[in-house]
Each structure stands twice: as structure tokens, then as C-alpha cells.
1. When the Karplus curve 6.51 cos²θ - 1.76 cosθ + 1.60 is applied with θ = phi - 60°, which whole-Hz ³J(HN,Hα) does each residue of region 287-298 get, with x for Gly and Pro?
2. From the protein chains alone at 1.4 Å, what is the descending order of accessible area for Ser325, Ser310, largest first?
3. Mind ranking 102-111, 366-375, 185-194 by how tightly packed they are, going by the mean number of other C-beta atoms within 10 angstrom, highest first?
4. Using 7 Å Cα-to-Cβ label points, what is the Thr339/Ile363 separation (nm, one decimal)?
5. Starting from the amide H of Gly173, placed 1.01 Å from N in the peptide plane, find each other amide H under 5 Å away whose residue is 5 or more places distant or on another chain.
6. Using a Förster radius of 51 Å, what is the FRET efficiency between Arg177 and Asp23 based on their Cβ-Cβ separation? Nearest 0.05, please.
7. How much length is gained if the chain between Tyr70 and Asn136 is pulled fully straight, taking 0.36 nm per residue apart and subtracting their Cα-Cα distance, in nm to one decimal?
8. Count the net charge of all other residues whose Cβ sits under 15 Å from the Cβ of Gly149, scoring Lys and Arg as +1 and Asp and Glu as -1.
Amino acid sequence: MSNTGISDIIPSWLWNFSSADIDMSRNQIYGEIPNFLNDGYYMLNLSYNKLTRPLPHIPVWNMLDLSNNYLSGNISNFLCDPKSSKQKVIALYLENNLLSGKIPDCWMYWPSLNLINLDNNNLSGKIPSSVGSLLNLMSLHLQNNSLSGEIPKALKNCSALKGLYLGFNKLAGTIPRWIESLPTLRFLVLRSNNFTGHIPNELCKLSMLQVLDASDNSLTGKIPKCFNNLTAMSSKSQNNPFQYYLGVNNQRSRENANVVIKGRENQYNTILYLLSTFDLSSNKLSGEIPEQLTSLDALQSLNLSGNYLSGSIPKKIDSMTALESLDLSMNHLFGHIPTSLSSLSFLSHLNLSYNNLSGQIPIGTQLQSMDASSFMGNKLCGPPLLKKCIEDPNTTHSNASNEDGEREDDEYWFRLGIGMGFGVSFVGVIVPLVVCGFWRRAYFWFFEEYLWNKFVDYLIKIKYMF
């Protein structure tokens, strides 16, 4: 009965069913969920409705989806019932509600959970250590709450974890070195927290990592050079793509994630396994950009903006052939933009603004098609900027001297030609007339007799014509 336009409270007779799949999602059902008296359901999906009030105890065997409602209050009564340990819930969706209070330390009663989604609520306090008892956990979503404290060490027991989403909270401490205990981790989102300290080299041991987002924290130190070991971000990776759907009673429970690419946050689900992003922006990182990063040739988005990075842009940047978005803005990078950057054919978003880059922007279709704001705050010139590049003064002076010399040579030969012409005319015409009397008499006779008579005859003919 999903998406059928139902606008009513849930009828009491519906709860008499047991051992069934119920899907009444995407309707206008309102009111509260009653306490259940039957033996339970295989799957219960009431997402995208208008349900309110706190969560009651709900016996479900495989998947429970109450996301995108108006459920409020704490979830202690719901999670901390010892009877829950008899259930075999695989996927629990409670995101996008108004749940508040602390997350209770009762996860040991839910041993079969593969997926937990508590994103976008008002939860506070620390992440309970009992989450570490969920040995089958593959995906943990706790984003956009008000959680504090450090990442619990007990989480290292969840060795099957593939997605850890802790962004947009108030978590503190350092990125734990025991992170290497999660060898199958593919998605790590720590965005917008209060993490400090250096990035541990142990993070490089997560060879299956596809998305790393530790942006908007207070991380310091240099970017580790060992990130070239993240082979899942390379086209040479032989890893099979993670199955982002979990089988639940012949159903397919969804897995999705919000990922920031090209400056925009988008939600991905069915194509999630195709993404590959690396984001350490808005931290306090220093040093140079490791050239080893350029070996991640399957990476689609690289964002290192808003740090204190120095040095030049790696010349081998063209090795990152799959790169669609590159943001190195607001750092202290200097030198020229490498010409190899213009060969990245998939690059559609570029931001190099507010650095100390200089020289001409390399010529290429990709770079000239970018907005001028991508290059502002530097000492760059050439399209797409309006500032034209000025030639080297030494080169300009040399060219001017050559041009002056060429003009002087032309003028010299012109004058020489006039002088020689005059000399030849004088010697060939005037001198013979002065020296030889015969030629002189013949010359004057020619003008006086022949040409004068011809001229007079011409005037007579004109007279008779009129």
C-alpha cells in the first residue's frame, strides 16, 4: 500500500497481522504507533508519513523503516528492551525524525544488525561503546546530530564495517590509529567536527577506501605521502565493488550517503559504489601536496582547499585522468600552473583562487572554459582572465633593437640606390652631351625639329576638329 494517497490514522485491525511484510510508506498517515501485541513482522515500512510521538516497542524480524516522520523523544524504551535480543533485525532506519536525548548503551540487544541509520535527528551525548558488540555491522549512520566525545575504541571490533558516517556533529579528539582494524572500510565521513592532531599513517592501510571526507575540522601537520596505497581510488584496483544493498527477506534494504562533489552535497544510492572522492579541505594542514596523490588515477574529486599548503601544483597532475573536480583554493601555493593540467579531459570544476600562482594560464579547452573566478587572487594572466600577459622586457628590448637595425639597413640601401641611379643617369646622358658635339647637335635637333613639328601638327588637327 505504498504511495497510495492514504490520509488517516493506522486502523487497529492492521496490527492483527503477524509474520508479514507491511509497506505503507509514502502516504499521509498520521497519529502515533500503538504498542504491538502480536508476534511481529518480517518487514515494517512506514517511512515518509506524518507519524508522531515516541517510539513504542515494535517486534520486527528483519527490517524496520520509520524514517522521514515526526517521531520525537528518546529511544531508550525502544532500544533497551531485553526482548529485542530475540529479534533478528538486520536494518534499522530512523533517520530524518525529531528524536532527542542520548543514544542508549543497549546495542547488545540487537546482535543481528547490519545497518543503523540515525542521521538528521537531535541526538546528543557520546557514541555508546556497546556499538562495538555489533560484529555484523556494515554501515553506521550518525550524521547531523549533536554527538560529542571521541570515536569509541570498541568500534574496532566491527571489522565488517564498510561505511562509517559521523559528519556534522561535535566529535573531538584525533582520528584513531586503530582505524586500520577496519580493513573493509570504503566510506569514511568525518566532515564538520572538532577533530584535531595529525592524520595518522594507519589511514593509508585502508586500501579499499573509496571516499575519505575529513573536511572542516582542525587537523594539522602534513598530508601523508602513503595515500597512494588507497588502491580503491586507482583504476588498477582489483577489488570487487561493495554490494550497497543488503538482502532482507527477499527485499533489498537501501544504503545511501551524502557526498560533497563540485562544491555541492548530493545524495547517492544506486551509483554509490562508483564514487571516489578525497576531501581534506578547511583544516590547518601544511607542507606540500604529495606527488604520490597523483597516482590515484580513478579519483573523481580532490579538495584540499582552505589549508596552509605551500609549494607548487604537482606536475604529474595529468596522471589523475578521471578527475572531474579539483579545488586547491585558499592555500599558499606558488609557481606556474603546470601545462599538464590542461590535458584533464573530464575536469569540469576547478578552483585555484587565492594562492600565489603566477604566469600565464596554460592554453587548453578545459582551462579556458572555466569561470574567471577560478583563478582570481593570484598573479595569473591570459584567458579566461581579462588581464593580458606582458612579454619579458629583455625580450621586448631585443626585438625592438632588431627592428631598428632592420629599418636602418633598409634606409641605407634605399639611399645608395638613389645615388647610384643619379650617377648612372648623369654619366650616361649629360657627360656625352658635353663632350661630344655631334651628339649634342643631334639631341637639340631632335627636340627642335622633330618633336616641335609633331606638336604643331597635333594642335592644327585639334583646331580643324572644332
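The values are calculated or read from the model by the stated rules, or taken from the named source; none is laboratory data. Being a predicted model, the structure only gives us computed values, none of them experimental. Here Cβ is always computed from backbone atoms with ideal geometry, including for glycine, and neighbour counts include all displayed protein chains. Please note that ligands, DNA and RNA were not included when accessible areas were found on the heavy atoms of the full protein model with its side chains. Shrake-Rupley method; radii C 1.70, N 1.55, O 1.52, S 1.80 Å.
1. Taking θ as phi minus 60°, the curve returns x, 8, 6, x, 5, 4, 4, 5, 7, 7, 7, 9 Hz for region 287-298.
2. Values: Ser325 5, Ser310 40 Å².
Heavy-atom accessible area, descending, gives Ser310, Ser325.
3. Details: 102-111: 18.6, 366-375: 16.4, 185-194: 22.8.
So the peptides 102-111, 366-375, 185-194, ranked by packing, come out 185-194, 102-111, 366-375.
4. Going from the Thr339 label point to the Ile363 one covers 1.0 nm.
5. Thr196
6. Numbers: r = 44 Å, r/R0 = 0.86.
Result of the calculation: an efficiency of 0.70.
7. Full-extension gain reported as 20.8 nm.
8. Numbers: positive: Lys102, Lys126, Lys153, Lys170; negative: Asp105, Glu150.
Within the 15 Å Cβ shell, the charges total +2.
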